[in-house]
Amino acid sequence: MRTIVITIGDEIIEGAKVDTNSAYLASSLGRIGIEVSRIASVGDDVEGIVAVLEEASQSYDLVLVTGGLGPTHDDVTRLALARVLGKKLVPDEAILAAIEERFRRRGLKAPADIAGLAMVPEGARAIANPAGTAPGLAALHGKAQIYVLPGVPGEVRAIFEGGVGEELKGAPGRKFILARAIRTVGITESDISAKLSAVDRKLKAKLAYLPEETGVVLSIRAASSSEAEALSALDEATSLIAAQLGDRIYSTAGEDLYAVVGRLLIDRGKTIAVAESCTGGLVAHLLTEVPGISACFERGVVAYSNQAKIEALGVAPELLAGHGAVSAEVAVAMARGVRETAGCDLGLSTTGIAGPGGGSEAKPVGLVYMALAHEAGVEAVRHVFPGTRHAIKLRAAVRALDMVRCHMLGEGSGGAGGAQS
């Protein structure tokens, strides 16, 4: 079943509003075994909507449209659908009565132009909207089944989950579609691609690279007439990818790194304290997002100034004078200081230059040192991260957490120093 999702609205194509409806519909359709082949957007223009609907009706079996069903002058999708069907708009009295009753229940008088919401192309079917006033529409044009839903995200969900999704579960050509997110850290998209070049052709699942500020997510997707076959393809692809990427994978279930690290700490009964400079408390924030982490997280210290590093963490003034706050030596002293002060199993530290100013040739913007103190000693690594101030802070926080993960798994410091995320 070839499927297209069309979103309508000037606000979408002008960039004033982010289209979330197509993502919701694509994922919802995937869960019931229908793959979306294309997503398109068009403005609030009758001719433009007619053209895209005509094209879609000729090329696709299922057409889902959102937007342009409201009562205002720019809501023209209903009219465009009528032109495509070659039919006139006629009132649906049952829908009009339901809309008027909705206003009465709220103690409001229905607006004069509300009757327009109940206009339906002849031969089409109105779909009740449990979350709003504008009903959805369903029509058959040629071989294409067309569903038109309002543009409000909550109303799209209500109509789809309230009936359209159930109708489509009986559609022919459905498959079992399974997806999995493999999350990586400390390795670039190009390096992943190079490592996977030997196994790309062996994968029975579709592979997509989704770079994020904190790492690259590998999305694998398998479709089959058999659920067992789809699951087998996912498992096989996961194994092949894991064999190539090793410890750069921290989750094959789409989990965030902080959740993985938090679970490791909780499961192994290890305590941790954090001393942060350039990340400004972000590492502590991420760790405390994990339910149950209070059993492991003892404290977080934001020692931003040199004086704070001296007073709160016991960093020697001569160390700061000799090496500077952004140095491996100071990162080590911070990690040791917070571990000893808190009496924890692990002490984690970050110190660096988040920018946009403050860098030099010797210590550029994005330079971050981090250290992890534990029973056997202290590990320190150096990284130079690209991006904005926010991106540098986030990348540094994530790589610091990855040091904890790798230490807990007995895999060292979490990647070579100097690597870029």
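What follows draws every value from the coordinates through simple rules; no lab data is involved. Note that the structure is a prediction, hence the values are computed from the model and not measured. Glycine also receives a Cβ, built like all others from the backbone with ideal geometry; neighbour counts cover every protein chain displayed.
Some notes on this structure:
- Cross-link partners of residue 270 among aspartates and glutamates (Cα-Cα below 12 Å; sequence separation of 8 or more within a chain): 298, 345, 375
- Relative contact order, whole percent, for the range 80-173 stands at 22, derived from Cα pairs under 8 Å and 6 or more residues apart.
- In straight-distance terms, cross-link reach from residue 169 covers every one of the aspartates and glutamates whose alpha-carbon lies under 13 Å from its own, apart from those fewer than eight places away in the same chain; here that gives 35, 161.
- R0 of 22 Å, Cβ-Cβ distance residue 295-residue 212: FRET efficiency to nearest 0.05: 0.15
- Rounded to 5, percent antiparallel among DSSP beta bridges of the range 257-408: 60
- Each label point was placed 7 Å from the Cα along the Cα-to-Cβ direction; for residue 51 and residue 37 their separation is 2.1 nm.
- Listed by chain and number, the lysines whose C-alpha is less than 28 Å from the C-alpha of residue 175, apart from same-chain residues fewer than 8 away, are 143, 202, 204, 206.
- Rounded to 5, the percent of DSSP beta bridges in the chain classed as antiparallel: 65
- Alpha carbon centroid spacing (whole Å) that separates the range 211-245 from the range 335-384: 34
- Gain on full extension, evaluated as 0.36 nm per residue between residue 11 and residue 181 minus their Cα-Cα distance, stands at 58.1 nm.
- Cα gyration tensor shape of the range 105-169, rounded if a/c is under 1.5, else prolate or oblate by comparing a/b with b/c: oblate
- Among the listed options (i) 54, 25, 19; (ii) 58, 22, 18; (iii) 34, 25, 21, the one matching semi-axes √(5λ) of the Cα gyration tensor in Å as calculated from these coordinates is (i).
- Burial order of peptide ranges 74-80, 128-134 (average beta-carbon count within 10 Å, highest first): 74-80, 128-134
- Residues 202, 309, 175, ranked from the fewest to the most other C-beta atoms within 10 Å, line up as 202, 175, 309.
- Remark: the range 271-282, residue by residue, has Karplus-estimated 3J(HN,Hα) of 9, 9, 10, 10, 10, 10, 10, 5, 7, x, x, 5 Hz, where x stands for each Gly or Pro and the curve is 6.51 cos²θ - 1.76 cosθ + 1.60 at θ = phi - 60°.
- Pairwise centroid distance, computed over Cα atoms, of the range 11-29 with the range 136-180, Å: 15
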